[in-house]
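Read the structure below first, then the notes.
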Amino acid sequence: MPRAAGVARKLCAMSDAPDESAAQRWYEGGLPFSCTGCGSCCKSHGEYSHVYLREEEARAISEHLGMELGDFAAAHLQVQDGWLLLRQGDAQCPFLGEDARCGIYEVRPVQCRTWPFWTINLEQKTWREEVTPVCPGSRDGRLHDADTIERIASATEDWYEDRLERWPGAPFEPGGPAPPA
Ligand code: SF4
């Protein structure tokens, strides 16, 4: 079972990902992935250094931790270019434990749940040069068929569309406690 796939490149770049039709997709034969629990994806790797959140994801994490949302926001959130994201400490997800386990696994964000099958990662060069070097689980493991991969990737697209539709440009839920800028 995948562990928290935490620190990652901007999901908002997903809209720039190529539109791979079934006839074109290079991963038609499937892609391997079985999480080894190494925690590598929860650490910063160049552009892979952000965990984006939707407001309700922040709320779920704060409740899971038994924190008031405002306190959680002050401690763990930041806003960048109008997007809400986890503040990284020591170039890694703040919830990555010393044992490489995720401290919020049950309520981890969609971004973490869907790694490495993001739309932006389904470009062959990206997969080869940016995903597999970071994630040993993507170099070996259970074969996921192309339709399953795209179903998982669509969750990140839905996340992105929903985020823009409901809060265009808004850094945080209207009326809710504002995270520090
Ligand atoms: S880098 Fe890959 S194998 Fe390692 S914890 Fe993340 S998903 Fe699992």
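The values are calculated or read from the model by the stated rules, or taken from the named source; none is laboratory data. Since we're looking at a predicted model, the values are computed, not measured. All Cβ positions, glycine included, derive from the backbone under ideal geometry; neighbour counts span all protein chains shown.
Here is a yes/no grid of residues against (1) in contact with a Gly (Cβ under 8 Å, 6 or more places away or on another chain); (2) at pLDDT below 90; (3) within 16 Å of the ligand (Cβ to nearest atom):
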position	(1), (2), (3)
V7	no, yes, yes
A17	no, yes, no
W26	no, no, no
T36	yes, no, yes
E47	no, yes, yes
E57	no, no, no
S62	no, no, no
D71	no, no, no
Exercise. From I152, I120, grab the single residue that is away from the ligand (no atom under 12 Å from the Cβ) and touching a His at 6+ places or on another chain (Cβ under 9 Å).
Key: I152
